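What follows is a single structure, written as structure tokens, with notes after it.
The values are calculated or read from the model by the stated rules, or taken from the named source; none is laboratory data. Values in this document were obtained by computation on a predicted structure and should not be read as measured data. Using ideal geometry, Cβ is built from the backbone for each residue, glycine included, and neighbour counts are taken over all protein chains shown. Heads up: the accessible areas ignore ligands, DNA and RNA and are worked out on the full protein's heavy atoms, side chains in. Shrake-Rupley method; radii C 1.70, N 1.55, O 1.52, S 1.80 Å.
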Amino acid sequence: VESAAGPDGVVRAATGWTGLVVTPERGVRVVDGLLTGLHEPEASHLLMLEAVAGRAAIHRSYEEALRGRYLWHEFGDVHLILPEETAHPERCGGNYR
């Protein structure tokens, strides 16, 4: 999806292969969440996850997965990764008590 985003950040239909590697340094422009499996600590996939949610959030999710004895790899559990949200008390004050 990131490969199909134009310079304006709008995703348009595209075909073909991509050489794009999503890392925390590169960041993401259009992806705002991922549903993914749990990967080994050395897996390059973790860099992509960190690009979406940040290193601290991924670290916390993996700590919880270990505590909860979640399953790993292709036949394991999955988790939803979203970027951290900042509260907007002036607009959403009633949601945070």
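Annotations
- Residue list for the stretch 35-70, restricted to those being under 13 Å from the mean Cα position of the chain (by Cα) and either assigned to a strand (DSSP E or B) or on the phi > 0 side of the Ramachandran plot (or both): Leu35, Thr36, Gly37, Gly54
- Cβ-Cβ contacts under 9 Å between residues 6 or more apart (or on different chains), taken from a first residue in the stretch 68-97 that is among the aromatic types (Phe, Trp, Tyr) to a second residue that is at pLDDT below 50, are listed as Tyr96/Ala87; Tyr96/Pro89.
- Reported count of residues in the stretch 45-61, each being among the β-branched types (Val, Ile, Thr) and in contact with a helix residue (DSSP H, G or I) (Cβ under 6 Å, 6 or more places away or on another chain), is 1.
- Scan of the stretch 35-48 for residues that are touching a strand residue (DSSP E or B) at 6+ places or on another chain (Cβ under 8 Å), in contact (Cβ under 8 Å) with a residue 12 or more places away in the chain and open to solvent by 40 Å² or more (accessible area, probe 1.4 Å), ordered by number: Leu35, Met48
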